[in-house]
Amino acid sequence: MSNSKRRLQLVQVDVFTSVAFEGNQLAVVTDARGLSDGEMQSLAREMNLSETTFVFPRDEATERARGVRVRIFTVNEELPFAGHPTLGTAAVLRGMAGNGGSADIALDLNVGRIPVRFSTRDGLPFGVMTQRDPEFGRTHAREDVARAAGLALADLADDLPIQTVSTGNAFAMVPVRSLSVLQKLAPTWAPMGEYLSKTDAKFFYFISRETVNPEARLQARMIFYNGEDPATGSAAGPCAAWAVKCGAVAPEHEALLEQGVEMKRRSRIFISASRTGDKVVNVRVGGHAVEVLRGEIFF
């Protein structure tokens, strides 16, 4: 230990849950100044979580104007935006000395400034991020998606479109016919990735309007190259926009979206969006975050 060149402070949180060991895990390096891109990628691989974030403190005036600079890495790549890292990092920053439990924390991500507003819900801090206005992309043929996902055509809902939507990351919203279809999903990444590489979407987001929890309006799963994600905030925002556009969720209504249920890491994601004429705006994604670990990294 005495020969280590650096000591980095680390906080790990479970995001989109008020219960430890549920939701989606996130590691936050609270002061990453001086780290190279390669070192951040290596640290993200070492954490071996879906994402690790790196905070770069700046002077107060800059942070007030532009937000706290944060970069997000998976084990394989840097992301321009991701939802649970945004909420989780904002929650960590809110709890750090000097922020005094601030109601507003803004992050300066690679997609720009993302604000997170905190209130209290069920006796715990509850954060809501406002994502970028959605961009609606192509509509996908059900036959092509069924083939790529290893599903029967009848497994896909036929009353809602499969459409690419992005608020920073592009997801194809894939409505399935029933909860049982969602629960039995077992696609492999290779055919999904091959199909997606030819489209404007990076991932599929499978959505059921039938849910295990009667309080939830939607239940979802997201399978990607590194396995399955228990909560995908950057897909939840597009899901909110898609659901409002399609009429599956009413404008301004806060709906509970659950994910990670099949993984035994239930995530509770609260989504809403507004509508102005034909345009969907004001996409909001909220939830809790619970600190589970605090320590140092030596390298």
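I need the full set of residues from the range 109-135 which are farther than 22 Å from V280 by Cβ and over 16 Å from the mean Cα position of the chain (by Cα), in order please.
Going residue by residue through the range 109-135, those that are farther than 22 Å from V280 by Cβ are 110, 118-126.
Correct list: F118, S119, T120, R121, D122, G123, L124, P125.
Hey, can you tell me all the residues within the range 1-15 that are modelled with pLDDT of 95 or more and either surrounded by fewer than 12 Cβ atoms within 10 Å (Cβ to Cβ) or touching a His at 6+ places or on another chain (Cβ under 6 Å) (or both)? Once the filter is applied, which keeps residues that are modelled with pLDDT of 95 or more and either surrounded by fewer than 12 Cβ atoms within 10 Å (Cβ to Cβ) or touching a His at 6+ places or on another chain (Cβ under 6 Å) (or both), the range 1-15 yields only V15.
Matching residues to (1) part of a strand (DSSP E or B); (2) within 22 Å of Q12 (Cβ to Cβ); (3) in contact with a His (Cβ under 7 Å, 6 or more places away or on another chain); (4) at pLDDT below 95:
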site	(1), (2), (3), (4)
E262	no, no, no, no
I269	yes, yes, no, no
A273	yes, no, no, no
R284	yes, no, no, no
V290	yes, yes, no, no
L293	yes, yes, no, no
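Inspect all residues belonging to the range 106-114 and state whether any of them is touching an Asp or Glu at 6+ places or on another chain (Cβ under 7 Å) and at positive phi.
Within the range 106-114, the subset touching an Asp or Glu at 6+ places or on another chain (Cβ under 7 Å) is none.
Looking for residues that are touching an Asp or Glu at 6+ places or on another chain (Cβ under 7 Å) and at positive phi, one finds none in the range 106-114, hence no.
Apart from one condition, N48 fits all of (1) touching a strand residue (DSSP E or B) at 6+ places or on another chain (Cβ under 7 Å); (2) at positive phi; (3) polar (S, T, N, Q); the exception is (1). For the range 19-36, residues that are under 20 Å from M96 (Cβ atoms) and either part of a loop (DSSP other than H, G, I, E, B) or outside the structural domain of G88 (by TED's automatic domain parsing) (or both) total 7. Kindly indicate whether D37 is touching a Pro at 6+ places or on another chain (Cβ under 7 Å), touching a residue at least 24 places away in the same chain (Cβ under 8 Å), farther than 18 Å from E228 by Cα and surrounded by fewer than 23 Cβ atoms within 10 Å (Cβ to Cβ). Spelling it out, it is not the case that D37 is touching a Pro at 6+ places or on another chain (Cβ under 7 Å), touching a residue at least 24 places away in the same chain (Cβ under 8 Å), farther than 18 Å from E228 by Cα and surrounded by fewer than 23 Cβ atoms within 10 Å (Cβ to Cβ).
Being in contact with a strand residue (DSSP E or B) (Cβ under 8 Å, 6 or more places away or on another chain), under 21 Å from L10 (Cα atoms) and basic (K, R) holds for only one residue in R113, R66, R117, R94, and it is R94.
Going through the range 114-132 one residue at a time, which ones are surrounded by 14 or more Cβ atoms within 10 Å (Cβ to Cβ) and not basic (K, R)? Listed by number, the residues that qualify are I114, P115, V116, F118, P125, F126, G127, V128, M129, T130, Q131.
Within the set D108, D122, the sole residue that is outside the structural domain of V29 (by TED's automatic domain parsing), charged (D, E, K, R) and farther than 30 Å from Y195 by Cβ turns out to be D122.
Could you count how many residues in the range 127-148 are part of a strand (DSSP E or B) and in contact (Cβ under 8 Å) with a residue 60 or more places away in the chain?
The first filter runs over the range 127-148 and keeps only residues part of a strand (DSSP E or B), leaving 127-130, 135-139.
Of the ones still in play, those that are also in contact (Cβ under 8 Å) with a residue 60 or more places away in the chain are 127-130, 136-138.
Residues meeting the conditions: 7.
Screening L43 with (1) in contact (Cβ under 8 Å) with a residue 24 or more places away in the chain; (2) more than 20 Å from P125 (Cβ to Cβ); (3) surrounded by fewer than 19 Cβ atoms within 10 Å (Cβ to Cβ) gives one miss only, at (3). Of all residues in the range 151-199, those satisfying the criterion of being surrounded by 15 or more Cβ atoms within 10 Å (Cβ to Cβ) and β-branched (V, I, T) are I162, T164, V165, T167, V174, V176, V181, T199.
Quick grid of which residues meet (1) of a type in the set (V, I, T); (2) buried (at least 16 other Cβ atoms within 10 Å of the Cβ); (3) under 18 Å from G127 (Cβ atoms); (4) at pLDDT below 95:
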{"residue": "M47", "(1), (2), (3), (4)": "no, yes, no, no"}
{"residue": "T52", "(1), (2), (3), (4)": "yes, yes, no, no"}
{"residue": "V55", "(1), (2), (3), (4)": "yes, yes, yes, no"}
{"residue": "G67", "(1), (2), (3), (4)": "no, yes, yes, no"}
{"residue": "P85", "(1), (2), (3), (4)": "no, yes, yes, no"}
{"residue": "A90", "(1), (2), (3), (4)": "no, yes, yes, no"}
{"residue": "R94", "(1), (2), (3), (4)": "no, yes, yes, yes"}
{"residue": "A97", "(1), (2), (3), (4)": "no, no, no, yes"}
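Please work out which residue is farthest from D158 (Cα to Cα), limiting yourself to the range 227-251 and to residues that are in a loop (DSSP other than H, G, I, E, B) and out of contact with any strand residue (DSSP E or B) (no Cβ under 6 Å at 6 or more places or on another chain).
Among those residues, the one meeting the criterion is A250.
Taken over the range 106-158, the residue count meeting the criterion of being touching a Phe, Trp or Tyr at 6+ places or on another chain (Cβ under 7 Å), of a type outside the set (G, A, S) and within 19 Å of S272 (Cα to Cα) is 4.
The values are calculated or read from the model by the stated rules, or taken from the named source; none is laboratory data. Since the structure is predicted, the reported quantities are computational estimates derived from the model, not experimental observations. As a convention, Cβ positions derive from the backbone with ideal geometry for all residues, glycine included, and neighbour counts pool all protein chains shown.
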